[in-house]
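K.L.:
One structure, pasted below without further comment.
The values are calculated or read from the model by the stated rules, or taken from the named source; none is laboratory data. These numbers come from a predicted model, not from an experiment. Cβ coordinates were reconstructed from backbone atoms using ideal geometry, including for glycine residues, and neighbour counts include every protein chain displayed. The accessibility values were calculated without ligands, DNA or RNA, using every heavy atom of the protein model including side chains. Shrake-Rupley method; radii C 1.70, N 1.55, O 1.52, S 1.80 Å.
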Amino acid sequence: MHPNRALIGVPGGRADLATPALVLDLAAFEHNLAAMAAAARASGLALRPHAKTHKCQAIAARQLAVGAIGLCVAKTGEAEALASTPGLRSLLVTSPVIGASALARLAGVAARLPELLVAVDSDAGAGALSAAATKAGVRIGAVVDIDPGIHRTGVAGPAAAAALARTVANLPGLWFAGLQCYAGHAQHIEDFATRAEIARMALADMAAAAEMLRDAGLPPPMLTGGGTGTFAQEAGFGVLTELQAGSYVFMDVEYDAVALEAGGAGPFRAALFVDARVISANTADFVTVDAGYKSFATDGPKPRVVAGAPADSEFAFMGDEHGAIFAALPLGGLVRLQAPHCDPTVNLHDVIHVLDGDTLVDIWPVEARGRSA
């Protein structure tokens, strides 16, 4: 049994949490769910949240319950872990999958769901997906991935996208499910207007490819993409039919630096934190807490101190298990730190502690933690 499970329902139980603990502010989380669902409805776009952010069936089920049409995942292992989410009918794997073993496992996922969609960006990749689907006796929707300009994945340009779509449409075991373009390089550009222009340029090839395919009698059933940083702009471009935003459920230090809407920061609230405890206070300038590199992503900004210490307090990493808070704090005191980059931070923890104020109301397993293969 998890060491914190006995605290569920105990008023003020947060004070006794075994730390470091990944915690979710329930009120902020529910606000974020409702805000994105409302934004998607207002824009006329379907919402297919990216579950690589949270990797958690409990969160996925709540996204579906407020109107999401399905989920995105990044990898085969995530698809396997989240396929049994209550209410899930459509799942999109947003990265190309290569390798006989991984493709056979994907075919197994397809047998468990009404609809499995998989991104492809090459004739060879599409052919291998077709072979796996045919061998397993299932049908998989192939989504042609378009490079937005960062050369990570995706075909280059509208002509190549249209050609691959025509290839897919003629392969056994597959159907052409649509086009994907995700402007990942635009998501954290702080200025709203600059980010909008980069996102618009990234979607230009998708729009052109879709027009080519409509003219050829092969209209794409869906045009999918978008993220938390660009959802407000992309909703008005008239290109996408569905949004893949994921980080909105949590918000992190990186996204808090981004003006998500033209008039300001945006409609979402910080919801994901790590509670850490002061374990040593023997130095004049700082105290040591029990959360270090093993508790936070380190590919972006530092965790932000949000409670338990003066507002201007700074955090610094001190090793795998430890961090420093530059403030005078009591031994045993709890400090709350906002996740710097939510997706990889979640991937460092087995569970998410759901807090209503200072009361622990549930503990949700992170079923897809580490499922990168």
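K.L.:
From the list Ser95, Ser84, pick out the single residue that is farther than 29 Å from Ala160 by Cα, touching a Lys or Arg at 6+ places or on another chain (Cβ under 9 Å) and open to solvent by 10 Å² or more (accessible area, probe 1.4 Å).
P.N.:
Residue meeting the stated conditions: Ser84.
K.L.:
Please specify each residue of region 15-69 satisfying the condition of being within 20 Å of Leu360 (Cα to Cα) and not aliphatic (A, V, I, L, M).
P.N.:
Hits for region 15-69 are Asp16, Thr19, Pro20, Asp25, Phe29, Glu30, His31, Asn32, His54, Cys56, Gln57, Arg62.
K.L.:
Looking only at region 72-92, decide whether some residue is without any contact (Cβ under 8 Å) to a residue 40 or more places away in the chain, closer than 15 Å to Leu174 by Cβ and under 18 Å from the mean Cα position of the chain (by Cα).
P.N.:
no
K.L.:
Could you list, in sequence order, the residues of region 175-198 that are assigned to a helix (DSSP H, G or I) and closer than 20 Å to Cys72 by Cα?
P.N.:
Gly184, His185, Ala186
K.L.:
Also, I was wondering about something else. Pull up region 213-229, narrow it to residues that are closer than 14 Å to Leu47 by Cβ and surrounded by 24 or more Cβ atoms within 10 Å (Cβ to Cβ), then point me to the one that is nearest to the chain's Cα centre (by Cα).
P.N.:
Thr228
K.L.:
Going by the structure shown, is Ala142 in a strand (DSSP E or B), open to solvent by less than 50 Å² (accessible area, probe 1.4 Å) and at negative phi?
P.N.:
Against the criterion (in a strand (DSSP E or B), open to solvent by less than 50 Å² (accessible area, probe 1.4 Å) and at negative phi), Ala142 qualifies.
K.L.:
So, one more: Taking the options Leu218, Leu243, Leu272, name whichever one is touching a Gly at 6+ places or on another chain (Cβ under 8 Å) and either among the aliphatic types (A, V, I, L, M) or at pLDDT below 95 (or both).
P.N.:
Leu243
K.L.:
Oh, and also: Applying the selection to region 231-262, what residues are open to solvent by 10 Å² or more (accessible area, probe 1.4 Å) and assigned to a strand (DSSP E or B)?
P.N.:
Glu261
K.L.:
Still on this structure: Out of all the residues in region 306-319, which are modelled with pLDDT of 95 or more and either of a type in the set (Ser, Thr, Tyr) or open to solvent by 90 Å² or more (accessible area, probe 1.4 Å) (or both)?
P.N.:
Ser313, Glu314, Met318
K.L.:
What are the residues in region 4-37 that are under 20 Å from the mean Cα position of the chain (by Cα) and open to solvent by 40 Å² or more (accessible area, probe 1.4 Å), if any?
P.N.:
The answer is Asp25, Ala27, Glu30, His31, Ala34.
K.L.:
Any chance you could count how many residues in region 263-300 are closer than 28 Å to Gln233 by Cα and open to solvent by 50 Å² or more (accessible area, probe 1.4 Å)?
P.N.:
Number of matching residues: 4.
K.L.:
So, one more: Between residues in region 15-32 that are under 24 Å from Ala65 (Cα atoms) and residues that are surrounded by 22 or more Cβ atoms within 10 Å (Cβ to Cβ) and not hydrophobic (A, V, I, L, M, F, W, C), which pairs lie under 7 Å by C-beta distance while being six or more apart or on different chains?
P.N.:
Leu22/His353; Val23/Asp275; Val23/His353; Leu24/His353; Asn32/Tyr248
K.L.:
Just checking, does region 327-341 include any residue being crowded, with 20+ Cβ neighbours inside 10 Å and either free of Cβ contacts under 8 Å to residues at least 40 places away in the same chain or among the acidic types (Asp, Glu) (or both)?
P.N.:
Within region 327-341, not a single residue is crowded, with 20+ Cβ neighbours inside 10 Å and either free of Cβ contacts under 8 Å to residues at least 40 places away in the same chain or among the acidic types (Asp, Glu) (or both).
K.L.:
Ok, one more. Just checking, does region 147-164 include any residue being open to solvent by less than 20 Å² (accessible area, probe 1.4 Å) and within 26 Å of Ala61 (Cβ to Cβ)?
P.N.:
No, region 147-164 contains no residue that is open to solvent by less than 20 Å² (accessible area, probe 1.4 Å) and within 26 Å of Ala61 (Cβ to Cβ).
K.L.:
While we're looking at this one, here's another question. Hey, any hits in region 169-183 for a residue that's open to solvent by 50 Å² or more (accessible area, probe 1.4 Å), among the polar types (S, T, N, Q) and modelled with pLDDT of 90 or more?
P.N.:
Checked region 169-183: at least one residue is open to solvent by 50 Å² or more (accessible area, probe 1.4 Å), among the polar types (S, T, N, Q) and modelled with pLDDT of 90 or more.
K.L.:
Residues that are farther than 20 Å from Val239 by Cβ, in contact (Cβ under 8 Å) with a residue 60 or more places away in the chain and open to solvent by 20 Å² or more (accessible area, probe 1.4 Å): does region 191-212 have at least one?
P.N.:
So far as region 191-212 goes, yes, one or more of its residues are farther than 20 Å from Val239 by Cβ, in contact (Cβ under 8 Å) with a residue 60 or more places away in the chain and open to solvent by 20 Å² or more (accessible area, probe 1.4 Å).
K.L.:
List the strands (runs of 3 or more DSSP E) inside region 323-373, counting only whole elements, that have at least 2 residues being farther than 21 Å from Lys294 by Cβ.
P.N.:
351-356, 359-365
K.L.:
Then there's this: Conditions: (1) surrounded by 20 or more Cβ atoms within 10 Å (Cβ to Cβ); (2) within 17 Å of the chain's Cα centre (by Cα). Ala58 meets all but one. Number of the miss?
P.N.:
Checking Ala58 against (1) surrounded by 20 or more Cβ atoms within 10 Å (Cβ to Cβ); (2) within 17 Å of the chain's Cα centre (by Cα), the one that fails is (1).
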